[in-house]
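To start, the structure itself, in C-alpha cells.
The values are calculated or read from the model by the stated rules, or taken from the named source; none is laboratory data. Predicted, not measured: the structure shown is a model, and the values here were computed from it. Reconstructed Cβ throughout: ideal geometry from the backbone, glycine too, with neighbour counts over all protein chains shown.
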Amino acid sequence: FLTHQPLFRKTKITMKLFSPRTALAATALVTALTLSACSSSSAQSDATGEPQEGGTLTFALGNDPLSFSPAAGGNGNDTWYVNRQLYESLVYLNPDTTEVEPWLATSWEVNDDATEFTFHLRDDVTFSDGSALTAQTVVANFDDLKAAGANSNAVADLRTYAGSEAVDEHTVVIRFSEPNAAFLTTASSVTFGIVSEATLEIPFTERNSGENVSGSGPFTLASYTKDSQVTLEKREGYSWAPESFDNRGEAHL
C-alpha cells in the first residue's frame with residue numbers, strides 16, 4: 001500500500017528494521033498496517049469526514065535499504081518501499097488496470113517503430129531542493145543513467161539508448177537505436193525516478209547515502225540510522241500525484 005498507491009500519506013513515516021528473531025513480529029506489523037490502511041475511512045477521520053492531518057506511521061522492513069539513490073541498487077523491495085516515496089517517474093503503471101498513466105509527464109507520443117518517445121511534462125513540479133522539473137532535467141537524468149554504466153540498475157534497459165533532446169522547456173524526446181516497445185513500462189519504475197539537476201552533480205556512487213539527493217516525491221529523507229531505521233517527512237505543497245490516486249496532494253492520515 002505504500003509502493004503502488006500511497007493514499008494514506010502521513011506527515012512522517014518511520015521505517016524500522018527488524019532482525020531475524022523479530023521477523024514474525026515484523027510480518028504481523030506489516031499485515032496489521034495493511035489491514036488498517038484498507039479499513040473504512042471513518043476510522044481515520046474526524047466528525048466531518050475530513051482526513052486528519054499529521055501523524056506517524058511505523059512500517060516494518062526486513063532489511064536495510066542500503067541505497068537512497070533510485071537507480072543505484074539496494075536491498076530489493078526494502079529499498080523500493082523507501083525510494084518510491086522520495087522519487088517519481090515520468091509515467092505511472094497502475095497495478096489495478098495495468099495501464100500506463102500520466103505522472104510527471106501529462107502525455108506522450110511514440111513513433112511507429114518505438115525508437116522515439118516524446119514526453120510533455122507538467123509545468124508545476126518541483127524537487128525538494130526547490131528547483132523545477134524541466135525537459136533539460138529529464139535529459140540530464142537519462143544521460144546520467146547511461147553514463148553510470150554497470151553502477152546503475154538501468155544499464156540493461158538503456159543498452160540501446162541513443163540520447164535525449166529538450167525540444168522546449170517542458171517537452172523532451174528520448175531516442176533508442178533499436179525498437180524499445182517496453183520502454184513506457186520501464187520508465188514507470190523507481191529505477192527511472194527523476195532527481196534534481198543539483199543531485200546529478202554528486203558523483204553517481206556517492207548518492208547512496210541520500211545526503212543532498214533531491215526528488216519530487218511527497219516525502220523527503222529526514223534521517224537514517226544504518227541497520228536501525230529510516231525516517232521520511234512530508235513535503236509541504238506537494239500536489240502532482242497520478243490522477244488515479246484518491247489523494248493527489250500533501251500527505252495526510
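Any residue in the range 147-168 that is buried (at least 20 other Cβ atoms within 10 Å of the Cβ) and touching a Gly at 6+ places or on another chain (Cβ under 7 Å)? Yes, the range 147-168 contains at least one residue that is buried (at least 20 other Cβ atoms within 10 Å of the Cβ) and touching a Gly at 6+ places or on another chain (Cβ under 7 Å).
Conditions tested, residue by residue: (1) under 25 Å from Phe119 (Cα atoms); (2) touching a residue at least 60 places away in the same chain (Cβ under 8 Å).
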position	(1), (2)
Glu165	yes, no
Thr185	yes, yes
Glu197	yes, yes
Leu200	yes, yes
Asn208	no, yes
Phe219	yes, yes
Glu236	no, no
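Residues that are under 20 Å from Ser209 (Cα atoms), hydrophobic (A, V, I, L, M, F, W, C) and modelled with pLDDT of 80 or more do occur in the range 82-104, at least one of them. Within the range 198-231, if we keep just the residues that are among the hydrophobic types (A, V, I, L, M, F, W, C) and closer than 18 Å to Thr58 by Cβ, the residue that is surrounded by the fewest Cβ atoms within 10 Å (Cβ to Cβ) turns out to be Ala222. Just one of the listed residues (Glu88, Glu116, Glu101, Glu109) is crowded, with 20+ Cβ neighbours inside 10 Å, touching a strand residue (DSSP E or B) at 6+ places or on another chain (Cβ under 8 Å), at negative phi and among the charged types (D, E, K, R), and it is Glu88. So which residues in the range 135-163 are within 14 Å of Asp113 (Cβ to Cβ) and of a type in the set (Ser, Thr, Tyr)? Passing the criteria: only Thr160. Annotation note: of Ala140, Ala114, the sole residue that is among the small types (Gly, Ala, Ser) and closer than 18 Å to Val100 by Cβ is Ala114. Is it the case that Ala135 is surrounded by fewer than 22 Cβ atoms within 10 Å (Cβ to Cβ) and in contact with a Ser or Thr (Cβ under 6 Å, 6 or more places away or on another chain)? It is true that Ala135 is surrounded by fewer than 22 Cβ atoms within 10 Å (Cβ to Cβ) and in contact with a Ser or Thr (Cβ under 6 Å, 6 or more places away or on another chain).
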